[in-house]
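Asks: Handing you a structure now.
Quick note: the coordinates plus some simple rules give every number you see, no bench work behind them. Only a predicted model underlies this, so the values are computations on that prediction, with no experimental measurement involved. Ideal geometry is used to build each Cβ from the backbone, glycine not excepted, and the neighbour counts take in all protein chains shown.
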């Protein structure tokens with residue numbers, strides 16, 4: 001007979017998760033968290049996943065939450081295990097991804113007295129958490145409720161710290177605990193998730209003032225950062241682009257596309273002369289979505305500031321360009337649905353002029369790619385078009401996301417990257433979590449340092465067979481050869497990570513199919529069958545010339561100026 005934990009705090013936490021329809025519980029093994037493990041395992045309503053490495057487990061959970069857009073629970077034992085969650089907590093904080101961290105702890109009388117596996121766990125994530133609940137008092141029920149409410153409605157990480165005294169493994173029959181859970185369920189108010197329908201609209205009179213400014217301006221720029229795919233937003237931005245005074249700039253992670261959008265921002269901006277930098281400056285900059293990858297657009301808009309910068313987001317607005325004037329605290333979809341009724345097109349050549357520049361850059365891009373030697377750049381020109389339609393594309397950080405920004409990517413792909421903190425540390429784990437959460441094929445493109453750094457990601461029993469990793473191995477972090485500072489420092493080997501490692505033995509250990517390519521011909525041959533159905537996930541490792549990649553990329557950008 002299935003039995004549950006006898007601990008009342010465990011019972012409260014588990015019942016609250018059930019009531020609020022949380023589906024996934026990612027547990028890392030331990031002992032102090034035994035009451036939580038026993039209780040969660042006894043529930044028939046929850047999906048339990050076990051991932052040993054807490055840092056990898058947290059990013060795996062983040063990948064699931066990224067795709068489901070619902071909170072995922074993380075459960076760990078006491079001590080340093082909890083600290084391993086921190087990188088993913090920070091990513092979730094800046095990327096608006098709901099994670100619920102439930103940490104087992106020693107009771108207060110055992111803290112700072114030399115007890116084993118014990119640290120100060122209360123409020124340990126205070127700089128990067130939306131809410132911390134430290135249980136063991138009179139208002140535990142309200143704290144748990146508020147934690148879940150915050151994770152759901154504010155879309156971010158929360159922490160529930162649960163002290164357990166020994167004995168930890170006491171159990172009671174499922175019938176008794178089921179009765180108690182039903183009682184708790186009747187008392188706990190389910191958190192209602194916010195939606196566009198229950199957002200509070202902006203005041204029309206106030207919005208009219210912004211619309212008047214908009215209608216009088218002949219140079220308007222809409223810049224879209226990271227965003228989950230959304231058909232309504234796609235339609236709204238297409239409508240916005242009908243105005244000839246509006247230029248829409250997007251990043252691949254924005255998950256919107258249109259021929260009238262500028263999608264390779266660095267490719268457009270890099271060759272600008274001084275007069276072009278000035279004429280590109282908008283009167284009004286309207287931003288939406290999450291983090292911006294392009295350093296060029298950041299530099300451009302900080303040095304050539306728009307007269308007005310507005311941002312629309314229901315949660316927060318970053319002053320990325322040091323000139324933020326107003327934050328519309330609603331979703332972009334609600335903002336546009338109100339704003340369109342107050343605006344009208346303005347005669348201007350602003351959009352057409354820069355779209356023409358875009359076409360010129362594209363022609364030069366294609367000419368260079370056609371003849372450039374085998375390199376990181378050439379590899380991206382081959383692998384991006386090869387990805388099957390309607391796949392999920394997960395991109396690693398550092399060079400990978402920046403190379404991808406230079407190319408037009410299949411519009412049917414859904415594109416994601418950990419840009420909240422832009423770290424390389426959990427990209428593989430996140431991609432695996434995201435692949436586990438969806439039915440579509442998932443392709444993950446990563447660099448060698450990121451891959452080896454997060455190799456414990458492969459120590460995971462939930463990797464689907466349609467998961468594909470494209471590993472670009474340039475021998476040690478090629479981005480530091482493109483940045484001028486490290487090469488001039490005389491200490492390049494300490495910025496890069498030179499190595500001769502390959503993924504072959506890792507793939508054998510974790511039962512991935514492995515293939516490799518060292519030139520263009522081999523790459524094309526491997527890609528021809530890489531995406532075919534298989535009984536195992538696959539890794540394609542592509543070796544590129546470490547000491548040539550930066551020269552080829554610099555030649556590429558110089559060619560755009562010609």
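Asks: Which whole-angstrom value gives the distance between the alpha carbon centres of the range 135-155 and the range 495-530?
Replies: Comparing the Cα centres of the range 135-155 and the range 495-530, I get a distance of 46 Å.
Asks: Could you tell me the relative contact order of the chain? Use alpha-carbon pairs under 8 Å, at least six residues apart, and round to a whole percent.
Replies: Working: 1123 pairs, mean separation 74.1, N = 562.
About 13 percent, as a whole number.
Asks: What Rg and what Dmax come out for the range 13-66 when only alpha-carbon atoms are used, in angstroms?
Replies: 11.1, 29
Asks: Kindly give Rg over Rh for the chain, based on alpha-carbon atoms, with the Kirkwood expression for the hydrodynamic radius. Each step should come with its number before you reach the end.
Replies: On the way: Rg = 25.3 Å, Rh = 25.4 Å.
Using only Cα positions, Rg/Rh for the chain is 1.00.
Asks: Figure the gain on full extension for residue 307 and residue 48 (residue separation times 0.36 nm, minus the Cα-Cα span) and round it to one decimal in nm. Mind showing how you got there, number by number?
Replies: Numbers: separation 259, 0.36 × 259 = 93.24 nm, distance 5.18 nm.
Contour length minus the Cα-Cα distance gives 88.1 nm.
Asks: Same structure, new question: Cα atoms only, the range 498-551: Rg and Dmax in Å?
Replies: Rg then Dmax for the range 498-551, in Å: 12.7, 40.
Asks: Mind listing P(r) for the range 221-311? All alpha-carbon pairs, 10 Å bins, whole percents.
Replies: Spelled out bin by bin, the range 221-311 gives 16, 54, 28, 2 percent.
Asks: Next question. In nm, give the distance between the simple-model label positions of residue 520 and residue 120, each being 7 Å from the Cα along the Cα-to-Cβ direction.
Replies: Going from the residue 520 label point to the residue 120 one covers 6.0 nm.
Asks: Using the Cα gyration tensor of the range 129-169, with a ≥ b ≥ c the square roots of its eigenvalues, what is the shape: rounded (a/c below 1.5), prolate (a/b larger than b/c) or oblate (neither)?
Replies: Numbers: a/c = 2.96, a/b = 2.05, b/c = 1.44.
Cα axes put the range 129-169 in the prolate bin.
Asks: Here is a follow-up. So how do 428-438, 229-239, 368-378 stack up, highest first, on mean other-Cβ count within 10 Å? Could you put the intermediate results ahead of the total?
Replies: Working: 428-438: 27.4, 229-239: 15.8, 368-378: 17.5.
Descending packing order for the listed peptides: 428-438, 368-378, 229-239.
Asks: Continuing with the same structure: Find how much the distance from residue 363 to residue 206 grows on full extension, using 0.36 nm per residue of separation minus their present alpha carbon separation; answer in nm with one decimal. Show your work: numbers first, answer last.
Replies: Details: separation 157, 0.36 × 157 = 56.52 nm, distance 4.44 nm.
Answer, rounded to one decimal: 52.1 nm.
Asks: To continue, here is another question. Considering only DSSP beta bridges where both residues belong to the chain, give the percentage that are antiparallel (nearest 5).
Replies: Numbers: 3 of 71 bridges.
About 5 percent, rounded to the nearest 5.
Asks: Given R₀ = 56 Å, FRET efficiency for residue 372-residue 198 by Cβ-Cβ distance, to 0.05? Intermediate results must be reported in sequence, preceding the final value.
Replies: Details: r = 52 Å, r/R0 = 0.93.
After rounding, the FRET efficiency stands at 0.60.
Asks: Which value, to two decimals, describes the C-alpha radius of gyration of the range 1-102 once divided by 2.2 N^0.38 Å? Please list the in-between numbers first.
Replies: On the way: Rg = 12.9 Å, N = 102, 2.2 N^0.38 = 12.8 Å.
Its radius of gyration relative to the 2.2 N^0.38 Å reference: 1.01.
Asks: Semi-axes of the equivalent ellipsoid for the range 230-271, please: Cα gyration tensor eigenvalues, times 5, square-rooted, ordered largest first, whole Å.
Replies: Details: eigenvalues 70, 37, 7 Å².
Listed largest to smallest, the semi-axes of the range 230-271 are 19, 14, 6 Å.
Asks: In Å, what is the Rg of the alpha-carbon atoms in the range 33-153, and how long is Dmax?
Replies: Over the range 33-153's Cα set, Rg and Dmax evaluate to 14.2, 43 Å.
Asks: For the peptides 81-88, 277-284, what is the packing order when you average, over each peptide's residues, the other Cβ atoms within 10 Å and list the highest mean first?
Replies: On the way: 81-88: 22.5, 277-284: 17.6.
Ranked from most to least packed, the peptides come out as 81-88, 277-284.
Asks: Stretched out fully, how many nm does the piece from residue 509 to residue 536 gain, at 0.36 nm a residue minus the Cα gap? Before the final figure, lay out the partial values.
Replies: Numbers: separation 27, 0.36 × 27 = 9.72 nm, distance 1.25 nm.
That works out to 8.5 nm of additional length.
Asks: Does the range 198-356 classify as rounded, prolate or oblate by the C-alpha gyration tensor (a ≥ b ≥ c root eigenvalues; a/c under 1.5 gives rounded; else a/b over b/c gives prolate, otherwise oblate)?
Replies: Numbers: a/c = 1.44, a/b = 1.32, b/c = 1.09.
Rounded, because the longest to shortest axis ratio a/c is under 1.5.
Asks: Over the range 3-192, what relative contact order in percent results from Cα pairs under 8 Å that are six or more residues apart? If you can, show how the numbers build up before the last one.
Replies: On the way: 381 pairs, mean separation 51.1, N = 190.
Reported relative contact order: 27 percent.
Asks: When the Debye formula is applied to the Cα atoms of the range 372-561, each taken as the same point scatterer, what base-10 log of I(q)/I(0) results at q = 0.14, 0.18, 0.19 Å⁻¹?
Replies: Here the Debye-derived log intensity ratios amount to -0.76, -1.29, -1.44.
Asks: Hey, what angle do you get for helix 520-530 against the long axis of the chain, alpha-carbon based, 0 to 90 degrees rounded to 10?
Replies: Value to nearest ten degrees: 40.
Asks: So if R0 is 30 Å, what FRET efficiency would residue 213 and residue 356 give, r being the distance between their Cβ atoms, rounded to the nearest 0.05? Numbers along the way, then the final one.
Replies: Working: r = 27 Å, r/R0 = 0.90.
Computed FRET efficiency for residue 213 and residue 356 comes out at 0.65.
Asks: If R₀ is 41 angstrom, what is the calculated FRET efficiency for the pair residue 382 and residue 232, using the beta carbon separation as r and rounding to 0.05?
Replies: Details: r = 34 Å, r/R0 = 0.84.
Taking R0 as 41 Å, the efficiency between residue 382 and residue 232 is 0.75.
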